[in-house]
Amino acid sequence: MPLSPSDLAARRRRAGRLFARGLSQAEVARRCEVSRTTTMRWYRAFAAHGVAGLASKGPRGPKPRLRAADLRQVERILLRNALAAGYRTDLWTLPRVTEVIAKATGERYHPGHVWRILRRLGWSPQRPTTRAKEKNEKAVQGWIRSSWPRIKNGSM
């Protein structure tokens, strides 16, 4: 399970205290349970700026284009289902979700990147199970109870 930003900051502060006590980079890596490469990077920051050099510089990468309110609006639409959103089938695909995001927020994404937004919402890729419309569950259960044991035992 990934550590929270506050846990990561606490680990860097601990490393700073250990460096200040004169422990080796290898020992700090072992005690903080990080790689030696990470410890070397931390040590350079500590040597240049002290414990303040180990402070977080914030999240990396571009700022998200969708605000939390936008994500909630998109998720409300997705939870209703694809039929309610005007599609012919009740299956969400990346191109469909892309259209929903564009209509709801005005932000345009490539369908290949929409899965990241879905992951932020806690959604996972799933495929619907295929079932015959004519399937009779009672008949299937009866077959499993009566015919399947005979077939399984080879006493056909």
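Bear in mind these aren't lab numbers, they're just calculated from the coordinates by the rules spelled out. What you are looking at is a predicted structure, and each value in this text was computed from that prediction instead of being measured. Reconstructed Cβ throughout: ideal geometry from the backbone, glycine too, with neighbour counts over all protein chains shown.
Classify the chain as rounded, prolate or oblate, taking a ≥ b ≥ c as the square roots of the eigenvalues of its Cα gyration tensor: rounded when a/c is under 1.5, otherwise prolate if a/b is larger than b/c and oblate if not.
oblate
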Between exposed trypsin sites (Lys or Arg not before Pro) in the chain, where DSSP calls loop and at most 12 other Cβ atoms lie within 10 Å, what's the longest gap? 22-56
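How many lysine pairs in the chain, separated by 8 or more positions in sequence or lying on different chains, have Cα atoms less than 29 Å apart? Let's see the in-between values first.
Working: LYS63/LYS103; LYS133/LYS152; LYS135/LYS152; LYS138/LYS152.
Going through the chain pair by pair, I get 4.
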How much length, in nm to one decimal, is gained on full extension between ALA52 and THR89, taken as 0.36 nm per residue of separation minus their Cα-Cα distance? 7.8 nm
